[in-house]
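The values are calculated or read from the model by the stated rules, or taken from the named source; none is laboratory data. Keep in mind it's a predicted model, so treat the numbers as computed, not measured. Reconstructed Cβ throughout: ideal geometry from the backbone, glycine too, with neighbour counts over all protein chains shown. In case anyone asks, the SASA skips ligands and DNA or RNA and just uses the protein heavy atoms, side chains included. Shrake-Rupley method; radii C 1.70, N 1.55, O 1.52, S 1.80 Å.
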Amino acid sequence: NLSSTQLYALIVVVTCLIATILLGSGDQQQPLEMAVRPAAPPVEVPTKPAKALNDNTSLPEPRWYIFRMINYAMLVAFVASVGDFCWNYAAYALDSAVLLRFLLGWSLCLIYFFGFFGVSFVHDVVPPEEHTSVAAAAPENILTKDISARSHKVVDAPCPKDVPVCSDPSSFVASPKKAPLPSNLKELDDAQVAKLVLSGQMKDHELEKRLDCHRAVDVRRLVVQEKLKNVGRDPHSLDDLPCQPSLDYSRVHGANCEIVVGYVPLPVGMVGPLRVNDMSVYVPMATTEGCLVASANRGCKAISVTGAHAMVIKDGITRAPCVRMPSAMDAARLRLWCDEPTNFAKLKAAFESTTSFGKLKSCSPTVAGRNVYIRLVCFSGDAMGMNMVSKGSLAVIELLRAEFHELKLIALSGNMCTDKKAAATNWLEGRGKSVVTECIVPKEVVHKTLKTTVKAICETNMNKNLIGSAMAGALGGFNAHAANMVTAVFLATGQDPAQNVESSNCITLLEETDGGDLHISCTMPSLEVGTVGGGTTLPAQAACLKAMGCQGGDRENPGANAQRLAMITAAAVMAGELSLIAALAANTLVQAHMTHNRKK
């Protein structure tokens, strides 16, 4: 006859033996029923699609459902032993040997519970669609030499191709553990490494660390090509953006620079996808400031959950010639003459005789003694328009000289334009494109992506960008760092970088909605951009504009491409503002720069 303790020990031993035998034998023909699979050893990524990566029935699978019965059996045995001990406590408590056997048995039982109990119930918790492996989720033939022959399968998200990854709600849910990277990563070719990045098995910012700085750029260009295709852009858009030292000086001579001795290379980062007006776009930014692209990218991720909206509310480049009259009264009469609608029509005809696209929109003279500053506002199509408005202004002066013979031109630009200088007239009246953009960021995104709260970020913006800027006597500077994004986009797309002075005029407003979400808006009254002429004709800069979908002039709707560039730039400014203000609210700014902006 066996004692209860011996019987319990026998049950434990037999159960463990049965579990070992059953779990070690698998049915090779049984379909995949498990929810959690043991980690597979690293495998080389094949050059061509291989069915073995997605073949879930090629390896034997254990009978995981047996765990349910084993768990119940162990639970019954454990409860029975406890009950037996309690029922015969008076006898067992006086026998140290029996007591030791009970404690040993219970310890083994608890070890089993901690190690295995509940594994069989994972199948009931994890939905079937989450059971696929990383390899099975990888696209088939993402990258080949012939881009036109590639699959159009969207790799970054299971949503439509014009919706960025970060707008997919599933991107905010913890994903299953990624498969380990191949041990021979550096031996793979560029296309294979790019495939790992596109499948999510490796982050693109890890390329420099895992490969080398030069090869990382080559791989990342393949990745960006695929991403551009996923948002409906030409995957070859960046072909003319050099990644090796090269510059065609013949394109520079007579157009962009004189006495050329070389060129200064600037790194260009791609920010996005940024969803603006229901379209996804990647924004090129040329900068040497570490963390700027990464920070703007975080802002893009937060904004693109719901998407930003942007609109151009005024479009007109300005030039303000300074003329002098014999007396202040003559200056006043000139002012009144220009205000007459019939006379303005004459000025308009003279101005527009010098250009095919330019349209004179208004003439606003300002009198200062004998001086008159005639501020002309011109619609310039897709050009930024400084040459256009200057040429038209000369025609206006000639017409005025015919009416006022003693009029003397002091300067074609009288500084009331105002070009490349901080001025209240640009802040109030606007210059170039006047743009407003806004977005509602859900409070969950503020917490998970921006690592702060709606209340904290709104309070930081109020005290820094509004009160702080007012105390500093700022002129158009009611923002965190709009000039950072403006200048980076200007350098990448061939704009006049000196015009970031007035183009960076911006007021950033944040407020909490009735539902507790975050409303952010950026108003930029004097954003001066163009998509034809100047630096936009250089191959690298033209390539960046092409990647944004706004290269050159729009023949059907002149001005549309330049306005599109202005709206994208304003939305990128909003992304940068959102991320930096969040970092200040959470007090993580210095930590981020120390981590990501210092050479090891």
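Compared with the direct C-alpha span, the chain from Lys408 to Leu110 gains 97.3 nm at full extension, assuming 0.36 nm per residue.
For the range 190-244, the square roots a ≥ b ≥ c of the C-alpha gyration tensor eigenvalues yield an a/c of 1.5 or more together with a/b not exceeding b/c, which makes the shape oblate. Per residue, the accessible area of the range 372-521 comes to 41 Å² when a 1.4 Å probe rolls over the protein heavy atoms. One chain, two ends: Ala345 and Val260. Fully extended at 0.36 nm per residue, the span grows by 26.1 nm beyond their Cα-Cα distance. In a fully extended conformation the segment linking Ala474 and Arg555 would gain 25.2 nm over its present Cα-Cα distance, using 0.36 nm per residue.
Highest average first, the peptides 371-379, 555-563 ordered by how many other beta carbon atoms sit within 10 Å of their residues are 371-379, 555-563. The charge dipole of the range 244-328, taken about the Cα centre with unit charges on the Cβ atoms of Lys, Arg (+1) and Asp, Glu (-1), comes to about 260 debye, rounded to the nearest 20. Charges were assigned to the Cβ only: +1 to each Lys and Arg, -1 to each Asp and Glu. The resulting dipole of the range 311-380 about its Cα centre is roughly 100 debye.
What whole number of Å gives the distance from the Cα centroid of the range 502-519 to the Cα centroid of the range 347-408? Using only Cα atoms to place each centre, the spacing works out to 37 Å.
Of the residues His253, His481, the one with the largest accessible area comes first in the ranking His253, His481, computed with a 1.4 Å probe on protein heavy atoms.
A simple spin-label model places the labels of Met329 and Lys203 7.5 nm from each other, with each point 7 Å out along Cα-to-Cβ. For the range 217-323, what class follows from the C-alpha gyration tensor (a ≥ b ≥ c being the square roots of its eigenvalues): rounded when a/c is under 1.5, otherwise prolate if a/b is larger than b/c, else oblate? It is oblate, given that a/c is not under 1.5 and a/b is not larger than b/c. Here the spin labels are modelled as points 7 Å beyond Cα on the Cα-Cβ line, and at Met279 and Ser353 they lie 3.8 nm apart. For Asn88 and Lys451, FRET efficiency with R0 = 41 Å and r from the beta-carbon atoms, rounded to 0.05? FRET efficiency, Lys451 to Asn88: 0.10. Ordering of 526-537, 86-97 by packing is 526-537, 86-97, highest average first (other Cβ atoms within 10 Å, averaged per residue).
Residue ranges 451-464, 338-351 sort as 451-464, 338-351 when ordered by packing (mean number of other C-beta atoms within 10 Å per residue, highest first). Between Lys186 and Asp514, take the C-beta separation as r, use R0 = 45 Å, and let me know the FRET efficiency to the nearest 0.05. So the FRET efficiency works out to roughly 0.25.
In this structure, the residue pairs whose Cα-Cα separation is over 20 Å, taken from Lys229/Lys451; Lys420/Lys464; Lys203/Lys301; Lys314/Lys361; Lys346/Lys391, are Lys229/Lys451; Lys420/Lys464. By a 1.4 Å probe calculation restricted to protein chains, Met270 has an accessible surface near 40 Å², given to the nearest 10.
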